[in-house]
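Here's the structure, in structure tokens; my notes come after.
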Amino acid sequence: MTLAGQTALVTGGNRGIGFATVRALAAAGAEVHFTARNAANIAEAQRALGDIKATGHHADITDRVAMTTLMDQGFDILVNNAATIGPIGRMLDIQIEDWATSIDVNLTSAFHAIQLALPAMLAKGRGVIVNISSGAAHRPQEGWSAYSAGKAGLAMLTKSTHMEYAALGIRVFGFAPGVVDTDMQGRIRASGLNPVSKIPRADLAPASDPATAITWLCTEAAQDLAGQELDIRQPELRARAGLRPLP
């Protein structure tokens, strides 16, 4: 896979799937940028990257002004990865303010990023947007009303963006990475509230698997899949992206 000469932005790229994606995109030759919520997170990520070149930006993805300044650089690839699983709890046990914050992070911020990225992409006549989806967008889980609603909205945002801009050279994908060994999964296990929380950590996939698939989606080889909600468990997708078959 080669993405030489292209610039990419990964939101929430300092850890988990985002961090693995930063590494994978850089390995494919892209000039990679990523956001993190504070300078300490950026410094930690860049230490972990070692000799891999990637530029971290202190930016709250829900801050339209900060994201406007960042997106003014223009990117060929946007990976809307930043997300929150909280609040985890049944509807009567959570606060509306926390629910609204989740929607802001998981859905509205992705709209901001897409809207801000599109002008530069359209000026070039090409661009790739990968929205990190979830099985929860289509199959609700107890205690995840905010997360499921946000990801369901993101799935429709993917399809809407494709409908409006595919003819102008924009390829947009929704991608569900499966259950991956990340800090988010740690919070899910701690909640003990639904079947996903019962999955042993040993059964979780490494973050490098979805990162490989995301990077492949950013290449020309995946253009026939644009506009779709894709799942890492799909055998054909795994084969085309170079991932091993699932047991």
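The values are calculated or read from the model by the stated rules, or taken from the named source; none is laboratory data. Quick caveat: nothing in here was measured; it's all calculated off a predicted structure. With ideal geometry, Cβ positions are generated from the backbone for all residues, glycine too; neighbour counts draw on all protein chains shown. The accessibility values were calculated without ligands, DNA or RNA, using every heavy atom of the protein model including side chains. Shrake-Rupley method; radii C 1.70, N 1.55, O 1.52, S 1.80 Å.
Observations, loosely collected:
- Average projected area [Cα convex hull, the range 101-247], square nanometres: 8.9
- Under the simplified labelling scheme, the R189-A4 pair shows an inter-label distance of 4.1 nm, with each label point 7 Å from Cα along Cα→Cβ.
- nm² value of the averaged projected area, convex hull over the Cα atoms of the range 55-173: 7.5
- Packing rank of 216-222, 81-87, where each peptide gets the mean count of other beta carbons within 10 Å, highest leading: 81-87, 216-222
- Cα gyration tensor category, rounded, prolate or oblate, for the range 2-84 with a/c compared to 1.5: oblate
- The range 206-245 has equivalent-ellipsoid semi-axes of 15, 11, 9 Å, by the square roots of 5 times the alpha carbon gyration tensor eigenvalues, sorted largest first.
- Within the listed set L168, L118, L92, the Gaussian network model of the chain (springs between alpha-carbon atoms below 10 Å) gives the highest mean-square fluctuation for L92.
- Overall dimensions of the range 166-211 by Cα: Rg and Dmax, Å: 14.7, 45
- Reach of K151 by Cα under 21 Å, taken over lysines that are not fewer than 8 positions away in the same chain: K159
- Cα pair distances exceeding 15 angstrom across the range 170-247, given as percent: 58
- Calculated mean residue ellipticity, 222 nm, the chain: -12500 deg cm²/dmol, from DSSP H runs (n ≥ 4) at -39500 (n - 2.57) each, averaged per residue and rounded to 500.
- Percent carbon-and-sulfur accessible area, the chain, ignoring ligands, DNA and RNA, probe 1.4 Å: 55
- Scattering curve values for the chain, log₁₀ I(q)/I(0), Debye with Cα scatterers, q = 0.09, 0.12 Å⁻¹: -0.35, -0.64
- The protection proxy used here, the mean number of other Cβ atoms lying within 10 Å of each residue, ranks peptides 26-33, 13-20 as follows, highest first: 13-20, 26-33.
- For the chain, the residue among A207, M91, L70 whose Cα projects farthest onto the positive side of the dipole built from Cβ charges is A207.
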